[in-house]
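So the structure is just underneath, and the comments pick up after that.
Each reported figure results from applying straightforward, stated rules to the coordinates on display, with no laboratory input. All of these numbers come straight from a predicted model, not from anything done at the bench. Cβ sites come from the backbone with ideal geometry, for glycine too, and all protein chains shown count toward neighbours.
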Amino acid sequence: MEKIASFTIDHLRLNRGIYVSRQDQVGGEIVTTFDIRMKLPNREPVLGQGAIHTIEHLAATYLRNRPDWRDRIVYWGPMGCLTGNYLLMRGALTPRDILPLMCDTFKFIAEFEGDIPGASAKDCGTWLLHDLPMARLESKKFLEETLLKATDANLEYPH
């Protein structure tokens, strides 16, 4: 079988950041898949399951409630490798286009207090698997160490 594009990225050189994983024509529109990479693959511990699950709930809720962006949000969800998340958006967008949005999103998570949206047995398939303190810590780290200091190395896949 042919390798899919995401398995051809050199994960040993991949930094934390925001990358365009792919762009697909769907109907008459482009859908951009972003790789929101919060951890250095194979070089640091991955996100804890409770933390990434909480990040998923908070980011998806925040993004779908942003009046200026909600019509472009298709999907937000965790990567199986637990090093980041995928964000699918309508439109041919670049990491620089969404960098301010990602800063706002991770600031929201880093400062979030209260009940996690959708964290109930009725609303979530694994509602007890949440970790708000770690989600806040990981989001603050990603915001301060990566997003607010982003360079080309954090916005373009290594060649």
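Looking at the range 92-130, which chymotrypsin sites (Phe, Trp or Tyr not before Pro) are DSSP coil and have at most 16 other C-beta atoms within 10 Å of their C-beta? Answer in residue order: W127. In sequence order, the range 150-159 has phi-based couplings of 4, 10, 4, 5, 9, 10, 9, 4, x, 9 Hz under the Karplus curve 6.51 cos²θ - 1.76 cosθ + 1.60, θ = phi - 60°, and Gly or Pro positions carry x. Of the GluC sites (Glu not before Pro) found in the range 81-159, the ones in coil according to DSSP and having at most 10 other Cβ atoms within 10 Å of their Cβ are E113. Ranked for footprinting exposure by Cβ neighbours inside 10 Å, fewest first, H57, H11 give H11, H57. Exposure proxy ranking for K39, K107, based on other Cβ atoms within 10 angstrom of each Cβ and starting from the fewest, stands as K107, K39. Taking the centroid of alpha carbons for each part, the range 123-159 and the range 1-27 are 18 Å apart. Look at the alpha carbon pairs under 8 Å that are at least 6 residues apart: their mean separation over the length of the range 39-101 gives a relative contact order of 30 percent. Kirkwood hydrodynamic radius for the range 1-91: how many Å is it when counted over pairs of different Cα atoms? Its Kirkwood hydrodynamic radius stands at 14.1 Å. Highest GNM mean-square fluctuation among P67, P133, P117, for the chain modelled with Cα contacts below 10 Å: P67.
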